[in-house]
Structures are given as structure tokens and as C-alpha cells.
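Notes for the one structure printed next.
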Amino acid sequence: MAPAASGALRQLSLALGAAVAALGSLLLIAWKVYFRDSQQQQPSGVGWRARWERQLLLQAPLPDTQEPHRQAHEYQVLVLGLDGAGKSSIIHYVCSTEAQRHIEPTQGFNSVQLQANGLQLDFLEVGGSQNLRFYWNYYLSKAHVLVFVVDSADGSRLHTARQELHYLLSEDPLLPLIVLANKQDKSDALSVTELKKELDLHTLNNQREFFLLPTSATYAGLDTANSVLQLKSLLIKLLAQI
Ligand SMILES: Nc1nc2c(ncn2[C@@H]2O[C@H](COP(=O)(O)OP(=O)(O)OP(=O)(O)O)[C@@H](O)[C@H]2O)c(=O)[nH]1
Ligand SMILES: [Mg+2]
């Protein structure tokens with residue numbers, strides 16, 4: 001045989017040998033894995049097929065209709081009230097148990113999200129200083145509930161709070177309303193009954209859901225804990241039925 005032909009034959013037989021060895025190793029690995037699966041006495045259906053399906057599930061995104069977790073319902077809780085009434089403090093203590101000694105006045109907006117009972121509550125506070133009150137009514141249309149915070153001890157500005165509140169109510173006659181008679185811990189705070197009268201709340205139409213709660217939002221106070229808990233459960237109850 002010519003030397004060139006015998007060289008080619010030797011290379012071919014080497015390649016064939018390598019292929020057979022590789023195939024043999026693959027068969028051996030497959031056999032070992034199969035044997036291990038059956039030795040572990042897994043319940044029927046768990047084995048190659050189950051592994052393969054698990055692998056496919058890991059790689060492929062689930063279709064929309066089979067989302068593992070249902071999206072929480074989102075609701076916007078609009079928190080308004082004059083500057084210093086306690087809006088940021090209330091939001092803070094509804095969403096956190098950490099005591100906070102100092103809360104800065106809100107210069108623009110303040111938004112905080114809270115997940116509770118399968119609902120997502122998006123709190124949106126617009127600052128209460130005079131230049132920001134102009135923007136308040138722009139946010140009414142997206143709100144599911146209006147929380148209006150009043151400083152019950154600030155007698156000199158109650159008429160301003162009343163005016164601002166009734167202007168908002170005239171813009172949206174159906175939006176559910178929660179008025180918070182805040183700073184009840186202060187000795188000169190008006191009671192809920194007094195505040196209801198001062199704010200003309202008895203004149204509200206009865207189509208609107210309306211609640212008036214006494215609150216205090218000072219750091220580490222038991223009254224704070226109780227009042228924010230009441231507010232939180234009222235919000236959840238109210239929004240869950242929307
Ligand atoms: N004693 C007492 N102080 C409170 C209460 N709630 C809030 N404060 C205090 O009142 C001040 C104003 O509170 P904020 O929560 O910043 O008031 P706000 O309504 O957010 O004010 P703006 O952001 O300026 O519109 C802060 O010094 C608070 O610590 C309360 O229930 N009792
Ligand atoms: Mg604020």
C-alpha cells in the first residue's frame with residue numbers, strides 16, 4: 001500500500017477509536033445517572049422526565065396567566081392638611097414602628113408605599129405650606145381616599161383648614177374622606193366633637209363615606225401606636241371594598 005494511503009487509514013482508525021471512546025463515556029455517564037435515580041427510589045414521575053421539565057420551567061418565563069403571585073391591588077391615599085398639621089408624622093407612624101424625633105417640613109411631595117393585607121397603599125402627601133396648597137386639587141382625581149389632617153390644637157388656623165377642606169370636597173363630591181383630629185396629646189387640643197362642629201363636617205352630603213378619627217403622632221407614644229393602627233385598619237377596610 002502506498003505510504004500516503006496507509007497514513008490516511010491510520011488517521012481514520014484513530015478518529016473512529018476516539019469517537020467510540022467518547023460514545024462509550026457518554027453511555028456510561030447516562031447509565032450512572034439513571035442508576036442513581038432509580039436507587040434513590042424517587043416517587044413515580046421523578047427522574048429524567050421530571051428533571052427535564054424542571055429545567056425547562058427554570059428557563060422559560062411563566063405565561064402571564066400563570067403568575068405565581070397575584071399583583072397586589074394599588075390604591076392611592078392622598079394626605080393633605082395645613083403645614084405643621086402632622087401629615088408626614090402620621091404617614092411615618094402608619095408605615096414604621098421606629099420612633100422619629102424630628103420630621104422636616106415637606107417642601108414638595110412625600111410618597112411612601114405600604115403593603116398590607118394584599119393591598120398596596122401609596123401614600124402621597126403634598127406639603128401644606130401656602131404655595132403648595134395650589135397643587136392639592138390636581139391630585140384628587142387619582143386618589144381613592146382623602147386623608148385630611150388637622151392640628152386640633154391650632155385654633156387660630158382652624159378657619160383656614162375648614163376653607164381648604166371644603167374647597168377640596170366641592171371639587172370631588174364622592175371621594176371617601178377621613179379627617180384626622182391630630183395632636184390629641186396636647187392639652188389645648190379640641191375634641192373630635194368640637195372639631196366636627198368647627199370644621200362644619202355635619203354639612204357633608206351623605207353620599208360620601210366619611211370618618212373622623214382622633215390621632216396623635218408623637219414619637220414612642222402609646223396613643224400614637226393605637227391611633228395609627230386604627231387609621232391603618234380603617235384604610236384597609238375602606239379600600240378593600242372599592
Ligand atoms: N405633640 C404633637 N406633635 C405632633 C403631632 N404630629 C406631628 N407633630 C409635630 O408637628 C410638627 C409638624 O409635623 P409634620 O408631620 O412635619 O407636619 P406636616 O403636616 O407634614 O407639615 P408640612 O410637611 O410642612 O406640610 C413636627 O414637629 C411633629 O413632630 C402630634 O400628634 N402631637
Ligand atoms: Mg410634611
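Expressed as cubic angstrom per residue, what is the convex hull volume of the alpha carbon set of segment 74-240? Present the calculation step by step, with values, prior to reporting the outcome.
Details: hull volume 17.6 nm³, N = 167.
Roughly 106 Å³ of hull volume per residue.
Based on alpha carbons, the Rg and Dmax found for segment 134-210 are 12.5, 37 Å.
At a 10 Å Cβ-Cβ cut-off, how would you order V147, V112, fewest neighbours first?
Numbers: V147 26, V112 17.
So the residues, fewest neighbours to most, are V112, V147.
A short reminder: the numbers here are calculations on the coordinates, not readings from a lab. As the structure is a computational prediction, the values presented were derived from the model and not from experiment. Using ideal geometry, Cβ is built from the backbone for each residue, glycine included, and neighbour counts are taken over all protein chains shown.
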